[in-house]
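Engineer: Sharing a structure below in structure tokens format, with a few things to ask.
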Amino acid sequence: MTGQVELEIFPEQVDRFFYKAVPAQISFIRNPEGLVTALTLHQDGHEQIAERIEESAVLALEETLAERIREKRPVENSRRLLEELLDRHQRGEPDYARMTAPLAAVAREQAEIIQSELQRLGAVTDISFKGVTDEGWDVYDVSFENGRQEWSFSLAADGRFNGIVSRRAT
């Protein structure tokens with residue numbers, strides 16, 4: 001997970017650690033030879049597995065992100081994804097299958113608030129791409145009939161939303 005603050009972890013068992021700063025645990029998965037092949041982040045009742053990858057793959061991913069940031073290049077179909085997201089939420093029909101499980105859980109809790117705010121703002125009149133954050137989130141200014149908001153989102157490796165943030169545009 002890029003762009004997050006480093007937090008100290010504390011041993012619980014040989015391959016199991018916990019955080020004090022957030023309610024989360026990490027457990028390492030080993031192959032029969034004892035080599036760590038993945039880790040699992042346990043947080044908020046969800047488990048996220050991260051497979052071990054070669055350092056060269058990490059460097060390639062970091063370079064790709066750096067290029068996107070430098071070139072202010074959104075992910076493929078970024079605008080269309082945001083348009084669909086806004087439309088579905090405005091109609092009160094969020095597509096939870098297009099979200100990771102933790103994000104879908106939060107979106108369900110906040111669905112009425114999101115829909116109410118989007119209905120208050122009215123129809124979308126313009127969407128303009130602003131750039132890419134250091135963490136790889138696409139950022140857009142969205143103009144509505146009755147106001148403006150900034151919308152940011154990130155996608156998981158499988159293309160589902162794993163983070164969505166909206167705030168009043170400044």
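The values are calculated or read from the model by the stated rules, or taken from the named source; none is laboratory data. Computed from a predicted structure; not experimentally measured. Virtual Cβ from ideal backbone geometry, glycine too; neighbours counted across all protein chains shown.
Engineer: List the residue pairs whose Cβ atoms are under 9 Å apart, where the first residue sits in segment 51-70 and is under 19 Å from GLU135 (Cβ atoms), the second is surrounded by fewer than 13 Cβ atoms within 10 Å (Cβ to Cβ), and the two are 6 or more positions apart or on different chains.
Structural biologist: Filtered contacts from segment 51-70: LEU61/THR2; LEU61/ILE53; GLU62/THR2; LEU65/THR2; LEU65/ASP134; ILE69/ASP134.
Engineer: Would you check which residues across segment 72-90 are in contact with a Lys or Arg (Cβ under 9 Å, 6 or more places away or on another chain), within 23 Å of LEU61 (Cα to Cα) and not hydrophobic (A, V, I, L, M, F, W, C) and list them? So that I can check it myself, show each step before the final result.
Structural biologist: Let us first name the residues in segment 72-90 that are in contact with a Lys or Arg (Cβ under 9 Å, 6 or more places away or on another chain), namely 72, 74-75, 81, 84-85, 88.
Keeping just the survivors that are within 23 Å of LEU61 (Cα to Cα) gives 72, 74-75, 81.
Result: LYS72, PRO74.
Engineer: Sticking with this structure for a sec: So, in segment 119-139, of the ones that are on the phi > 0 side of the Ramachandran plot and surrounded by 14 or more Cβ atoms within 10 Å (Cβ to Cβ), which residue ends up nearest to the chain's Cα centre (by Cα)? Quick ask: steps written out before the conclusion?
Structural biologist: First pass over segment 119-139, keeping only residues on the phi > 0 side of the Ramachandran plot: 122, 131, 136.
Applying the additional criterion that residues be surrounded by 14 or more Cβ atoms within 10 Å (Cβ to Cβ) yields 131, 136.
Working: GLY131: 16, GLY136: 9 Å.
Checking each candidate, the answer is GLY136.
Engineer: Could you list, in sequence order, all residues of segment 97-152 that are more than 23 Å from GLU76 (Cβ to Cβ), among the small types (Gly, Ala, Ser) and in a helix (DSSP H, G or I)?
Structural biologist: Once the filter is applied, which keeps residues that are more than 23 Å from GLU76 (Cβ to Cβ), among the small types (Gly, Ala, Ser) and in a helix (DSSP H, G or I), segment 97-152 yields ALA101, ALA105, ALA111, SER116.
Engineer: Is there a residue in segment 70-77 that is assigned to a helix (DSSP H, G or I), crowded, with 16+ Cβ neighbours inside 10 Å and modelled with pLDDT of 95 or more? Steps first, please.
Structural biologist: Restricting attention to segment 70-77, the residues satisfying the condition of being assigned to a helix (DSSP H, G or I) are 70-71.
Now narrow it down to the ones that are crowded, with 16+ Cβ neighbours inside 10 Å: none.
No, every residue in segment 70-77 fails to be assigned to a helix (DSSP H, G or I), crowded, with 16+ Cβ neighbours inside 10 Å and modelled with pLDDT of 95 or more.
Engineer: Follow-up. Any idea which residue in segment 2-42 is surrounded by the fewest Cβ atoms within 10 Å (Cβ to Cβ), counting only those that are in contact with an Asp or Glu (Cβ under 9 Å, 6 or more places away or on another chain) and part of a loop (DSSP other than H, G, I, E, B)?
Structural biologist: So, considering only residues that are in contact with an Asp or Glu (Cβ under 9 Å, 6 or more places away or on another chain) and part of a loop (DSSP other than H, G, I, E, B), the one surrounded by the fewest Cβ atoms within 10 Å (Cβ to Cβ) is GLN4.
Engineer: Moving on to the next point. Can you tell me which residue within segment 140-170, out of those that are within 14 Å of LEU85 (Cα to Cα) and of a type in the set (A, V, I, L, M), is surrounded by the fewest Cβ atoms within 10 Å (Cβ to Cβ)?
Structural biologist: For segment 140-170, the residue satisfying everything is VAL165.
Engineer: Can we say ALA57 is in contact with a Lys or Arg (Cβ under 8 Å, 6 or more places away or on another chain) and either aromatic (Phe, Trp, Tyr) or not assigned by TED's automatic domain parsing to the domain that holds GLY131 (or both)? Please lay out each step first, then the result.
Structural biologist: Working: in contact with a Lys or Arg (Cβ under 8 Å, 6 or more places away or on another chain): no; either aromatic (Phe, Trp, Tyr) or not assigned by TED's automatic domain parsing to the domain that holds GLY131 (or both): yes.
Spelling it out, it is not the case that ALA57 is in contact with a Lys or Arg (Cβ under 8 Å, 6 or more places away or on another chain) and either aromatic (Phe, Trp, Tyr) or not assigned by TED's automatic domain parsing to the domain that holds GLY131 (or both).
Engineer: For segment 78-88, enumerate the residues that are under 14 Å from PHE129 (Cβ atoms) and surrounded by 13 or more Cβ atoms within 10 Å (Cβ to Cβ).
Structural biologist: The answer is SER78, ARG79, LEU81, LEU82, GLU83.
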